Amino acid sequence: MRSLSKLPEPGILAENHVAWLQEYLQDLSSDAKRTRYRHPDIKSTLKLETHEKCVYCESRIGHNTPGDIEHKIPSSKDRTKHFIWSNLTIACGECNRRKNSYYQEHDGFLDPYTDDVEQYLDFEGPVVTSKPGEVRGEVFVATLELCSANRLSLVTQKIAKINELRHILERYNSADPGPLKEVLKRQLIEMSRPGGEYSAMVRSAVRAKGYAELVE
Ligand SMILES: [Zn+2]
């Protein structure tokens, strides 16, 4: 998870969220009225602001991992936030299903738009752990099972990313100053930027290897 900034609200939502909520509340059994937040303009803006990644585990949203629109405050707890832009984001199915209706009024679920994520979490190889004493970090990791064999597919993908990173770092380290070293440097910087898949893990690993100059 990386800290994120909210993009401006899409026009379709700004113009319709009041009416959409009213119509939804009057007909709770209607799937069509409930899921109007799936409008392509809304989903594409959410994908843009999350760099097309799950907001929680940083898996790339794509054909194999279609993203679900996620309500940070679940609608089951507060229906009035069902179409509120600041309450919408995007998560992979695995994280979305695990977070489900988790909600705490105080000390709520870690929010990458408002919380400084690195204050709560450590990225140690393919697993995420909470920093000592950070209960919100602990709740986040436990709820999403980010440090669990139940997320085998996620952990496997992250190990593949670490192996790719290790290979590039070794090539960077052994390359003589010149064009190849510059290309590898740019590649490493790109991998640790917010748009890179599992970039929080990559950034942490690059720093741990002593290449702090390669992360932004
Ligand atoms: Zn996820």
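The values are calculated or read from the model by the stated rules, or taken from the named source; none is laboratory data. Just so you know, these numbers come straight off a predicted model, no measurement behind them. As a convention, Cβ positions derive from the backbone with ideal geometry for all residues, glycine included, and neighbour counts pool all protein chains shown.
Can you name the condition, by its number, that Ile73 falls short on among (1) under 26 Å from Ser153 (Cα atoms); (2) more than 14 Å from the ligand (Cβ to nearest atom); (3) buried (at least 18 other Cβ atoms within 10 Å of the Cβ)?
It is condition (1) that Ile73 fails.
Being modelled with pLDDT under 95, under 26 Å from Lys72 (Cβ atoms), among the basic types (Lys, Arg) and away from the ligand (no atom under 16 Å from the Cβ) narrows it down to one residue among Arg151, Arg193; which is it? Show your work before the answer.
Numbers: Arg151 fails: away from the ligand (no atom under 16 Å from the Cβ).
Of the residues listed, the single one that is modelled with pLDDT under 95, under 26 Å from Lys72 (Cβ atoms), among the basic types (Lys, Arg) and away from the ligand (no atom under 16 Å from the Cβ) is Arg193.
Sort out which residues of the range 118-143 are polar (S, T, N, Q) and either within 13 Å of the ligand (Cβ to nearest atom) or surrounded by 17 or more Cβ atoms within 10 Å (Cβ to Cβ) (or both), and write them in order of number.
From the range 118-143, those polar (S, T, N, Q) are 119, 129-130, 143; that's our starting set.
Hits for the range 118-143 are Ser130, Thr143.
If I filter the range 110-117 for residues that are among the aliphatic types (A, V, I, L, M) and surrounded by 15 or more Cβ atoms within 10 Å (Cβ to Cβ), do I get at least one hit? Working first, answer last.
To start, the set of residues in the range 110-117 that are among the aliphatic types (A, V, I, L, M) comprises 110, 117.
Within this subset, residues satisfying the condition of being surrounded by 15 or more Cβ atoms within 10 Å (Cβ to Cβ) are 110, 117.
So far as the range 110-117 goes, yes, one or more of its residues are among the aliphatic types (A, V, I, L, M) and surrounded by 15 or more Cβ atoms within 10 Å (Cβ to Cβ).
It is to be established whether one or more residues within the range 112-123 are over 24 Å from Lys47 (Cα atoms) and not in a helix (DSSP H, G or I). Give the derivation first.
Residues of the range 112-123 over 24 Å from Lys47 (Cα atoms): 119-120, 122.
The next check asks that each one be not in a helix (DSSP H, G or I); those that pass are 120, 122.
Within the range 112-123, one or more residues are over 24 Å from Lys47 (Cα atoms) and not in a helix (DSSP H, G or I).
Out of His51, His82, His71, report the one residue that is of a type outside the set (Gly, Ala, Ser), at positive phi and touching a Leu at 6+ places or on another chain (Cβ under 9 Å). I'd like the intermediate steps shown before the answer.
Details: His82 fails: at positive phi; His71 fails: at positive phi.
Just a single option satisfies the conditions, and that option is His51.
Can you go through Phe83, Phe109, Phe140 and tell me which one is in contact with a Phe, Trp or Tyr (Cβ under 8 Å, 6 or more places away or on another chain) and assigned to a helix (DSSP H, G or I)? If you could, list the steps in order and put the result at the bottom.
Working: Phe83 fails: assigned to a helix (DSSP H, G or I); Phe109 fails: assigned to a helix (DSSP H, G or I).
Selected residue: Phe140, the only one of Phe83, Phe109, Phe140 that is in contact with a Phe, Trp or Tyr (Cβ under 8 Å, 6 or more places away or on another chain) and assigned to a helix (DSSP H, G or I).
To keep it simple, each residue is scored yes or no on (1) within 16 Å of the ligand (Cβ to nearest atom); (2) basic (Lys, Arg).
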| residue | (1), (2) |
| --- | --- |
| Asp111 | yes, no |
| Val155 | yes, no |
| Asn163 | no, no |
| Arg203 | no, yes |
| Ala208 | no, no |
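Quick one: would you say Cys95 is near the ligand (Cβ under 9 Å from one of its atoms) and in contact with a Phe, Trp or Tyr (Cβ under 6 Å, 6 or more places away or on another chain)?
Numbers: near the ligand (Cβ under 9 Å from one of its atoms): yes; in contact with a Phe, Trp or Tyr (Cβ under 6 Å, 6 or more places away or on another chain): yes.
When the stated conditions are applied, Cys95 passes them.
Yes/no per residue for (1) more than 16 Å from the chain's Cα centre (by Cα); (2) of a type in the set (Val, Ile, Thr):
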| position | (1), (2) |
| --- | --- |
| Glu105 | yes, no |
| Phe109 | no, no |
| Pro112 | no, no |
| Val127 | no, yes |
| Ala160 | yes, no |
| Leu169 | yes, no |
| Tyr172 | yes, no |
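Could you say whether any residue in the range 138-158 is touching a residue at least 40 places away in the same chain (Cβ under 8 Å) and more than 24 Å from Tyr102 (Cα to Cα)?
Yes: one or more hits.
Taking Ile90 as meeting all but one of (1) under 12 Å from the mean Cα position of the chain (by Cα); (2) assigned to a loop (DSSP other than H, G, I, E, B); (3) crowded, with 16+ Cβ neighbours inside 10 Å, write down the number of the exception.
Result: Ile90 passes all but (2).
For the range 13-59, which positions are more than 16 Å from the ligand (Cβ to nearest atom) and of a type in the set (Gly, Ala, Ser)?
If the condition is that a residue be more than 16 Å from the ligand (Cβ to nearest atom) and of a type in the set (Gly, Ala, Ser), then Ala14, Ala19, Ser29, Ser30, Ala32, Ser44 are the ones that fit.
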